[in-house]
Amino acid sequence: MLYTFYTTHLIMQILKFIVSVCFLLTCTVTTHAAIIVVNDPTDNGQIDGLCDLRDALYSASINISVDACTAGQSGVQDIVIIQVPGPIQLNSTIAVFGAVTVATNIGAPAVEIKAANERRHFRVSPNSFEDSNFSMANLILSGGNATSDNGGAISFVSVNSRFERIELTDMVFLNNHATIGGALSLDNVNANHVSIINSEFINNTAASFAGAIYGERLVLPGSSATSLTLNNNLFLNNHSSNNVGAVYIGNQGGNEFNTEMIGNVYIGNTATEDIGALHINGIITPWNISISNNLWLFNQSSDQAGAIFVSSAVISTLSNSVIAFNQARIGGGILARFDDALINLYHSTVIHNSATSSGDNIYVYGDARITSQSNVIAYPRHGDNCSGLLGTNLSSSRNNLVDDMSCEMLSSTSLLSIADPHLSGFSSSDDYFPGFQPTAASPALDNSECSLLVDAIGNSRPNDGDGNGLAFCDMGGLEAPSNTDLIWSDAFGL
């Protein structure tokens, strides 16, 4: 009876796990998928009547039972459930070449997987397109090291087949290192869908490029049915000894694909050369990207682009975001460059950024362009808010609030407000967003057209901030509450 009770209980937990994980990850599971339970935290390579993580993933990949693990099934996405508390210490890299989902039990704490010395955790390369789905959730991958290779924790590689779907949810990537892509490398994998959601990338490093994520043609271009989703992630204190402190997304030579980047937070990422946090790079063909509700704070590079670098035919709509206290030689906050790159900057707050040469908050050059509407751009730390070689379509730029005369390229003179925005002081909420809402004295208060329902941190728009009975949106990325009583003082300027 005891055996029957626990067996039934385990089956019910597995069924709940399948429903929950597949709802979250949109994985494809049929009645033939194998459920493989990891009950051994070791990685000793011995036949011991248990199922460790390596044995489970091999069983899923080769569809043969390894040690006490259930055999995987061909052509479906098997599920590996980690039922040990961890940490799991790997002895070498694990190769994965079959469709698989790897996660913990529902509601269980995240399990840490520690990489072997001078090794990454996983190399994922599907044998066939029918076996090309990979999903992972609720794990901590720490200490990976691909010293002379890409992807410190996971390297996704398309050799025999490209990927159908790659999904990473509720993950933590901690203290990983590689030459390129300190935590993740997705180099020419050409997947139909890639999603990285609700995950944290902390203290990862790259010797050459992209401290946290390197993705070049990670999604198959040229189809409305392919997509990249990068939402609600934290990038904290990642570093590159050359370029791109945190995230590189590139599409060199390909047509566009659907790209969504919502609710990400970039704090304290650094690059020894260019681009402190995020680089989006296209080549030749226009590529439309939606970036909203993001925060860039205290990112730094030694040369170009403290926070964001958009280049080469990328058409990005950057809205409802806050970009503050980032630093570079040129373009302390935002830099657009080359081949008709375009930034549509909308309802964002770009303040307190620093450039030791020019363009504290925004720098544009080459034949790049920027259009701007309903933004607050102010408090440059060294010189001017805006600088560069300008090629903007002024007819689509209007109603921006800046505190100097350097941003004429953002609006025609009659549509540009020159004034101190009188924002509230610096604070940090649980979701890392700073203060900088309009105070009762701010000209940004109730002074903008509005097509957005919420601000950068989810506050409703519009609010009647000045209490006159009419609700209009505030300029910038943050909406003041109704009847705000925030009082401005010089100390808020920092």
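Points worth noting:
- Scan of segment 305-339 for residues that are outside any loop (DSSP other than H, G, I, E, B) and over 21 Å from residue 376 (Cβ atoms), ordered by number: 309, 311, 314, 315, 329, 330, 337
- Contacts under 9 angstrom Cβ, first residue in segment 157-180 being over 19 Å from residue 114 (Cα atoms), partner of a type in the set (Phe, Trp, Tyr) and assigned to a loop (DSSP other than H, G, I, E, B), 6 or more apart: 160/97
- Selection count where residues are within 25 Å of the chain's Cα centre (by Cα) and modelled with pLDDT of 95 or more, scope segment 95-107: 6
- Residues of segment 340-362 that turn out to be in contact with a His (Cβ under 7 Å, 6 or more places away or on another chain) and either at pLDDT below 95 or in a strand (DSSP E or B) (or both), as a count: 3
- Within segment 21-42, considering residues that are at pLDDT 90 or above and surrounded by fewer than 19 Cβ atoms within 10 Å (Cβ to Cβ), the one farthest from residue 167 (Cα to Cα): 42
- First in segment 237-256 and within 18 Å of residue 196 (Cα to Cα) and assigned to a strand (DSSP E or B), second anywhere and aromatic (Phe, Trp, Tyr) and modelled with pLDDT under 95, Cβ under 9 Å, 6 or more apart: 251/257; 251/287
- Residue 401 vs. criteria surrounded by 14 or more Cβ atoms within 10 Å (Cβ to Cβ), modelled with pLDDT of 65 or more and not in a loop (DSSP other than H, G, I, E, B): yes
- Per the listing 40, 55, 67, 48, the residue uniquely in contact (Cβ under 8 Å) with a residue 24 or more places away in the chain and either at positive phi or of a type in the set (Asp, Glu) (or both) is 40.
- Residues in segment 112-142 that are assigned to a loop (DSSP other than H, G, I, E, B) and either surrounded by 24 or more Cβ atoms within 10 Å (Cβ to Cβ) or among the hydroxyl-bearing types (Ser, Thr, Tyr) (or both): 115, 120, 121, 125, 126, 128, 132.
- Filtered residues of segment 440-454 (kept if in a loop (DSSP other than H, G, I, E, B) and modelled with pLDDT under 90): 440, 441, 447, 449, 450, 451, 452, 453
- Selection count, segment 172-194, where residues are at pLDDT 95 or above, in a loop (DSSP other than H, G, I, E, B) and surrounded by 24 or more Cβ atoms within 10 Å (Cβ to Cβ): 4
The values are calculated or read from the model by the stated rules, or taken from the named source; none is laboratory data. As the structure is a computational prediction, the values presented were derived from the model and not from experiment. Positions of Cβ are backbone-derived with ideal geometry, glycine not excepted, and every protein chain shown enters the neighbour counts.
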